[in-house]
Structures are given as C-alpha cells and as structure tokens.
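These notes concern the structure reproduced below.
The values are calculated or read from the model by the stated rules, or taken from the named source; none is laboratory data. Computed from a predicted structure; not experimentally measured. Note that we place each Cβ from the backbone using ideal geometry, even for glycine, and neighbour counts take in every protein chain shown. All accessible areas refer to the heavy atoms of the entire protein, side chains included, with ligands and DNA or RNA removed. Shrake-Rupley method; radii C 1.70, N 1.55, O 1.52, S 1.80 Å.
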Amino acid sequence: QVQLVESGGGLVQPGGSLRLSCAAPGSIFSNNAMHWYRQAPGKQRELVATITSGGGTNYADSVKGRFTISRDNAKNTVYLQMNSLKSDDTAVYYCKVSTAIRNYWGQGTQVTVSS
C-alpha cells in the first residue's frame, strides 16, 4: 500500500514560519510532480504549490512570495517552507502525487496560525 507521510504542522503566531515535509515511496516520487493542497474549514480543497520532477514550480497567488516548495530526490521527500504566515493560511495541508495510474494523497497535517 502506497503511503505519503506528512509532518511539520502545528500552531504558529501570525508572521511566523513552518516547514512541512512529505515522504513518498521512491517508486512514485522520482518521476512525478508533487503537490501541496490545503483545506480550510467550510472551504474546498485548493492547490497551493506544485513542483515537477525537473524542479519547476508553481504557486497559488495567495502564497506567492511567502511559500517555497522544494524536493529532495535522494530522500524522496517534498517540502513546503511557509513564511510570513497569516490567519488565512490556517488549514489542513495535504501532499499529493499524480502518477499515470492514479493520485495518492497524504493523511494531512494541521496548520493553525493564531496569536
């Protein structure tokens, strides 16, 4: 069974930083794009950031300049560095990998931005 394991969420004050990690099996990590999504209470899940297998990146307008997605192919891990956090960033964050066969999702990690 393929599992994506996320970590790094928590409670942080506005203006603070967090780094999320998502580890995936090498069989699906190496040749596929990785994505971070988030879902706030009462809202639809939204795409936050994408990194291709070659390292190209894309971001939602709401996080551009504050969040950075990166990947370590040796560790089969994707990261989301989140800086200048705002209360609107409060959500459950999920990583996803899309293969030719199906999508795989992590279990989610809670990020709460509050004073």
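Odds and ends about this structure:
- Aspartates and glutamates with Cα under 20 Å of Lys43, excluding same-chain neighbours fewer than 8 positions away: Asp61, Asp88, Asp89
- Debye, to nearest 20: dipole size of the chain, +1 on Lys, Arg Cβ, -1 on Asp, Glu Cβ: 80 debye
- Rolling a 1.4 Å probe over the protein heavy atoms gives the chain an accessible area of 53 Å² per residue.
- R0 of 30 Å, Cβ-Cβ distance Arg19-Ser114: FRET efficiency to nearest 0.05: 0.95
- Residues of the stretch 26-57 with amide N under 17 Å of a point placed 7 Å along Cα→Cβ from Ser70: 34-36, 49-57
- To put it simply, the accessible area of the chain at a 1.4 Å probe is 44 percent carbon and sulfur.
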